[in-house]
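The values are calculated or read from the model by the stated rules, or taken from the named source; none is laboratory data. Just so we're clear, the structure is a prediction, and the values are computed from it rather than from any experiment. Note: ideal-geometry Cβ built from the backbone for every residue, glycine included; neighbour counts use all protein chains shown. Note: accessible area is taken over every heavy atom of the protein model, side chains too, but ligands, DNA and RNA are not part of it. Shrake-Rupley method; radii C 1.70, N 1.55, O 1.52, S 1.80 Å.
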Amino acid sequence: MAEFNNVHSVTEMPEGDGSKRSFHHGMFLEPQEKKRSMKALMVKQAKKTCSCTPAKVKDCVFSFFPVLQWLPKYKLREYLLGDIMSGVIVGVLLVPQSIAYSLLAGQEPVYGLYTSFFASIIYFIFGTSRHISVGIFGVICLMVGQVVDREIQRAGYDLEPAVLGALPDTAAQVNTTISPVNQTAQKLFCDKSCYAITVGATMTFIAGVYQVAMGFFQVGFVSVYLSDSLLSGFVTGASFTILTSQAKYLLGLDIPRSSGIGSLIATWINIFRNIHKTNICDLITSFLCFLVLIPTKELNEHFKNKLKAPIPVELVVIVAATLASHFGKLRESYGSSVAGHIPTGFLPPRPPDWNLIPHVALDAIPIAIIGFAITVSLSEMFAKKHGYSVKANQEMYAIGFCNIIPSFFHCFVTSAALAKTLVKESTGCRTQVSGMVTSLVILLVLLVIAPLFYSLQKCVLAVITIVNLRGALRKFKDLPKMWHLSRVDTVIWLVTMAASAFISTEIGLLVGVCFSMLCVIFRTQRPEAPLLGWVAESETYESLSAYKNLQTKPGVVVFRFEAPLYYINKECFKSTLYKQTGVNPVWVKAAKKKAAKRMLREKEVDSGGNQSSISMDFVPEPLGFHTIVIDCCAIQFLDTAGIRTLKEVCKDYGEIDVQVLLAQCNPSVRSSLIRGEFFKEGEDHLLFHSVHQAVDFALGAQGHRGTSASK
């Protein structure tokens with residue numbers, strides 16, 4: 001049997017004396033038929049999923065491998081030149097950054113090149129964005145490096161550096177699945193560098209599995225909890241940690257890398273304790289590199305619209321520094337720390353160490369979330385800018401496979417990177433072919449050029465890493481504008497930034513998410529709740545505190561609550577309503593009862609002639625209104641506590657002869673009220689489609705009661 005929602009409307013009819021009389025009649029809305037039961041929906045979805053037709057198989061394959069869709073349509077003459085140009089430029093920029101960020105991830109330089117190479121190829125196959133550059137990202141490298149350092153210390157590799165240094169270089173290529181508990185046996189098979197990439201590759205595999213699972217179960221909604229202000233604050237806070245971790249290379253200090261809570265402060269304490277051991281050669285080299293890199297980067301940014309391609313200053317600095325270090329014999333003469341041997345070719349594939357998974361599984365969760373959140377947000381941003389669409393779930397598959405597959409080839413976690421994506425876009429990129437060109441540039445370095453970087457000082461790589469943090473650190477300049485736009489977002493940014501920098505990156509991300517959710521809760525816990533006034537010659541009601549020249553109808557108070565009504569803010573709803581109307585019905589009832597008791601006592605004491613005067617003393621003051629209209633347009637939903645609160649408000653005000661009417665309830669709220677048995681027999685007139693109708697009904701009903709009383 002169909003269920004009808006009874007709401008009221010108002011019709012005005014002229015009378016003989018020229019005035020108008022309002023007639024109130026019900027409008028019956030018949031709800032749509034309810035959707036099928038959950039069981040039926042699940043059965044239907046299962047049949048749809050399990051069915052297999054040639055067309056469906058084709059769609060599934062083309063959807064999973066987007067390259068099969070766009071590559072046959074590739075316009076060679078129109079796209080090829082731009083793709084080659086952008087691919088070569090990004091590759092030239094990516095080579096020094098891959099080597100530099102390897103230090104940040106606690107890995108040897110060659111592993112950074114492997115990571116960038118494989119990520120570009122795999123995203124070419126699985127990705128749907130034409131413009132984003134997938135590869136090494138500083139914040140992700142920092143998080144990987146912290147876990148790698150922790151596991152290396154836990155395995156005992158830092159306890160006997162002399163012994164480890166005596167191991168042959170070929171030990172790094174030997175696989176082991178021996179548990180880190182058996183440290184002695186493990187050292188015989190795998191040195192510190194080998195174990196570091198084993199930890200990194202294992203965590204990369206787990207992070208990729210998480211990302212593919214998120215795509216399969218379509219839980220990309222997790223990224224909505226990472227707001228723009230939260231991500232920006234997190235990246236800026238992590239940038240301070242990155243800068244701190246690279247400071248020791250600028251000074252040529254050999255100090256252990258701090259990890260865990262408060263690592264930033266601990267690192268600076270260690271630096272100042274060992275400042276007297278500064279390597280002057282590394283310090284001077286760092287200073288000269290800063291003098292070259294920062295101005296040239298600024299020129300690139302200032303003239304980016306005029307330059308066809310950015311000046312590859314990082315590559316120039318690396319080449320010049322390598323030549324100076326080699327011919328100046330800086331390592332032998334001054335003890336400068338250098339990159340060391342970078343092998344050509346590829347190491348044989350090796351599976352992750354399954355015994356390490358329990359130790360790194362939790363650490364991989366925030367890395368996976370940050371990786372796919374940045375990748376999806378960048379891909380959607382550039383797709384919108386250039387007028388095409390991307391599939392968020394497919395992007396999660398793509399970045400997941402960019403981690404799972406390379407984890408077997410000595411790589412660590414990747415994601416999209418904004419800086420390289422902007423370069424890629426500005427240099428003429430048209431399709432994912434640009435990524436393949438980038439991988440060919442890196443392949444050339446891996447096969448031929450890599451060993452030439454043997455004498456490259458690590459301080460030069462640290463300078464490159466720090467200079468690339470300028471964008472994140474510049475966010476401080478945007479704080480005044482952000483504060484003007486949204487103070488809440490600014491506070492979220494500051495809290496996330498401070499927690500990420502001074503506590504730890506993982507805890508900082510968790511603090512940022514929790515604080516953001518608390519801000520949402522607090523904003524619904526203490527929402528705006530103004531009284532409304534009538535805009536003359538219209539049917540509109542607006543806030544009396546926000547606008548001037550609004551009128552109020554005699555005897556009617558209009559109240560709007562601008563948040564969902566649920567268990568968190570139910571007391572706020574009642575207290576604000578009582579404060580705005582100036583009448584607390586509970587207190588009014590209590591005052592009446594108290595007055596009645598006093599009158600009864602006075603009667604007992606004096607049953608004589610003062611009775612009428614006593615009665616006059618206890619006549620309650622008039623309330624000033626007879627109807628409260630609650631504008632529910634901003635109440636998105638009700639829970640059981642909210643329904644109960646509305647019932648209590650209507651009951652309490654009804655006991656002091658004030659009726660409560662509800663207006664502009666959305667279908668969800670109306671449905672909740674019906675299910676919660678809010679309306680009793682004959683009380684369905686409490687619900688109206690507009691505030692204006694409710695006010696007219698209240699005035700008409702009061703006029704009708706006045707006429708009846710006079711008769």
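Distant-in-sequence amide contacts of residue 661, defined by a placed amide H-H separation under 5 Å and a gap of 5 or more residues or a different chain, comprise 628, 629, 630.
Taking label positions 7 Å along the Cα-Cβ direction at both residue 537 and residue 689, the computed distance is 2.5 nm, reported to one decimal.
A Förster radius of 22 Å combined with the Cβ-Cβ distance from residue 76 to residue 388 puts the calculated FRET efficiency at roughly 0.70. Dimensions of the stretch 57-112 from C-alpha coordinates, computed as largest minus smallest value along each principal axis and given longest first, are 43, 31, 12 Å. Sorting 460-473, 205-218 by their mean Cβ neighbour count within 10 Å, with the most densely packed peptide first, gives 460-473, 205-218.
Close amide H contacts of residue 338 (hydrogens built in the peptide plane, cut-off under 5 Å, sequence separation of 5 or more or a different chain): 458. Atom-type composition of the exposed protein surface of the stretch 440-486 places 70 percent of the accessible area on carbon and sulfur (1.4 angstrom probe).
For the stretch 369-508, what is the accessible area per residue in Å², given a 1.4 Å probe and the full set of protein chains?
Numbers: 5310 Å² over 140 residues.
Averaged over the residues of the stretch 369-508, the accessible area is 38 Å².
So how do 70-83, 374-387 stack up, highest first, on mean other-Cβ count within 10 Å? Numbers along the way, then the final one.
On the way: 70-83: 12.4, 374-387: 18.4.
Per-residue Cβ counts within 10 Å, averaged per peptide and sorted highest first, yield 374-387, 70-83.
Here, the stretch 346-449 has an Rg and a Dmax of 15.9, 46 Å when only alpha carbons are counted.
Hey, what did the stretch 453-578 get for relative contact order, percent, Cα under 8 Å, at least 6 apart?
Working: 100 pairs, mean separation 19.7, N = 126.
Relative CO of the stretch 453-578 lands at 16 percent.
Cross-link pairs exceeding 20 Å in C-alpha to C-alpha distance, out of 597/651; 304/420; 570/680; 647/680; 58/391, comprise 597/651; 570/680. Solvent-accessible area per residue in the stretch 55-129 equals 40 Å², computed with a 1.4 angstrom probe and all protein chains kept. Solvent exposure of the stretch 227-266 amounts to 34 Å² per residue of accessible area, where only protein heavy atoms count and the probe is 1.4 Å. Once backbone amide H atoms are built at 1.01 Å from N, residue 137 has 415 as its partners under 5 Å, excluding neighbours fewer than 5 places away on the same chain.
Karplus-based coupling profile of the stretch 454-468, in residue order and whole Hz: 4, 8, 5, 6, 5, 5, 5, 5, 5, 4, 4, 4, 5, 4, 6, with θ = phi - 60° in 6.51 cos²θ - 1.76 cosθ + 1.60 and x standing for Gly or Pro. In this label model, residue 320 and residue 522 are separated by 5.0 nm, measuring between points 7 Å along each Cα→Cβ vector.
On the stretch 256-373, 69 percent of the accessible area sits on carbon and sulfur atoms, based on a 1.4 Å probe. Element breakdown for the stretch 488-540 at a 1.4 angstrom probe: carbon and sulfur atoms account for 69% of the accessible area.
Going by average Cβ density within 10 Å per residue, which order do the peptides 593-600, 91-98, 296-303 take, highest to lowest?
Details: 593-600: 11.6, 91-98: 24.9, 296-303: 13.8.
Ranking the peptides 593-600, 91-98, 296-303 by packing returns 91-98, 296-303, 593-600.
Remark: spin-label model distance residue 474-residue 589 equals 6.4 nm, labels positioned 7 Å along the Cα→Cβ axis.
From the mean inverse distance of alpha carbon pairs (Kirkwood) and the Cα radius of gyration, derive Rg over Rh for the stretch 439-572. Value, to two decimals: 1.31. Our coupling estimate for the stretch 352-366, obtained by passing each phi through the Karplus curve with A = 6.51, B = -1.76, C = 1.60 and θ = phi - 60°, is x, 7, 5, 5, 7, 4, x, 7, 10, 4, 5, 5, 6, 5, x Hz, Gly and Pro reported as x.
Remark: the stretch 554-568, residue by residue, has Karplus-estimated 3J(HN,Hα) of x, x, 10, 10, 10, 10, 10, 10, 9, 5, x, 9, 9, 4, 6 Hz, where x stands for each Gly or Pro and the curve is 6.51 cos²θ - 1.76 cosθ + 1.60 at θ = phi - 60°. Restricted to Cα atoms, the stretch 620-681 shows a radius of gyration and a Dmax of 12.6, 40 angstrom.
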